Amino acid sequence: MTADFRITGYETRVLEVPERTIGDSQTHVFETDELDYLFLELETDADVTGLGIDLVELRAPGRPSTETLRSRVDDVVGDVVGENPLALLNRRTRHRGGAHNFYSSGSYGPGVGVLLNMALWDAAAKFFDQPLAEFMGATDDSAPIYASGLSFGNDDATTREVYEGFAEVGEFDAAKVKVGYETVDEDIDRIELVDDVFGGLDTLMIDPNEAWTPKETLRKVQAIQDVGFDLYWIEDPVFRHDFDGMRRVREGLSDVHLTVGEYVGFEGKHGLLDAGAVDILNLQGLSAASDASTLAEPTGTDVAMSTDHGTDAMAVHAGLALPDVTYVECCSHALLDLSEEPYVVEDGRVSITDTPGHGVAFDEETLESHSR
């Protein structure tokens, strides 16, 4: 190990990975046979390489070219060659709304902020020969985890297959179901299907993805409870900036947690906390999640880790490292099937391996066969 630690170069690839349809009640964004990922390797003079991966979201018509995606990376990552990864992770700059980590999620356009932040953390943890969660200060060996199928656009057979895959991967006793169909009966049918896969869930969450009004939320949750389902949380039931509506939902659901925050930045998270419109603040990313967790701490609000951009491992490491994390989301994207095993699920909890960094790694043959 050298006392110096500098970024000496980088390599970018665009990977295409076969994937089923993934979506929710509002955005059938991934109705495609494959998904694109940006893949970044940060090279350093300490003989460690930081890996960053980010899903290229197909929300707009058309598919960005490889040249367009590479240029997005070049515009940002080219400027950090010669910098110390540890300094970059700790650098702050003043943005509208307060102090943000310089390379946190979303700071530099679609994909690049998340991509670089992940690679910086990976390189830093490897430099100190520690698993990322340990490097971030984790004191717990495991955290509660839930299965999240993202199966709104799938038929019953595919949905059952997706959740059976979770049951095969590990011993999940908690799951989240995408709801927000035209009728509450359709929502209940999907909940019953997922519950049946696991032989009865200990913990059940639902996610309408902003499909409902506050009154509609209260009415539909009551209908779901009336058929015998105990809900642990409901996630993002109303429009993300309707803080008053969320507060009314929270007050009307005394026995169900309201989980929100994934769709808004620091200003929005502060607004939710200030309005008393959240029970569990939903976080994403590494630096961004750490900063937002600090925002929630003075209010006594618990947090949850949402999978970010196709790599569950980031949520796992942050979920172990941050305080008051109730649950970590596992979406089990097809990308991770190509990687070495970055975490283990057992007895409803997730733990990491002793591999330095975040543990997501691919052999060269896999990378070549999936490069666009």
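Brief remarks follow.
- Each peptide among 271-278, 181-188, 234-241 gets the average number of other Cβ atoms lying within 10 Å of its residues, and from highest to lowest they stand as 234-241, 271-278, 181-188.
- In this simple spin-label model, placing a label point 7 Å from the Cα along the Cα-to-Cβ direction at both Glu297 and Asp226 gives a separation of 4.5 nm.
- Residue among Phe166, Ser369, Phe5 farthest towards the positive dipole end of the chain, charges placed on Cβ: Phe5
- Farthest toward positive dipole pole in the chain [+1 Lys/Arg, -1 Asp/Glu at C-beta], among Thr183, Val48, Gly271: Gly271
- DSSP bridge pairs, the chain: antiparallel proportion in percent, nearest 5: 55 percent
- Across Pro64, Pro214, Pro85, mean-square fluctuation computed from a Gaussian network of the chain (C-alpha pairs under 10 Å connected) peaks at Pro64.
- Heavy-atom surface of region 125-167, accessible at 1.4 Å and reported per residue (Å²): 42 Å²
- Separation between Cα centres of region 233-260 and region 119-188, rounded to whole Å: 22 Å
- Those residues of region 147-175 whose amide nitrogen sits under 16 Å from the label point placed on Glu341, 7 Å along Cα→Cβ: 166-172
- Summary value for region 126-279: 17 percent relative contact order, contacts being C-alpha pairs under 8 angstrom separated by 6+ residues.
- Taking the chain and dividing mean pair separation by its residue count, relative contact order in percent (alpha carbons under 8 Å, at least six apart): 19 percent
- Cα-centre dipole for the chain with unit charges at Cβ (Lys and Arg positive, Asp and Glu negative), debye to 20: 1720 debye
- Protein heavy-atom surface of the chain, 1.4 angstrom probe: 43% of the accessible area is carbon and sulfur, with nucleic acids and ligands not counted.
The values are calculated or read from the model by the stated rules, or taken from the named source; none is laboratory data. Since we're looking at a predicted model, the values are computed, not measured. Counting neighbours? That spans all protein chains shown, and the Cβs are built from the backbone with ideal geometry, glycine included. Side chains are part of the model used for accessible areas, which takes the heavy atoms of the whole protein and leaves out ligands, DNA and RNA. Shrake-Rupley method; radii C 1.70, N 1.55, O 1.52, S 1.80 Å.
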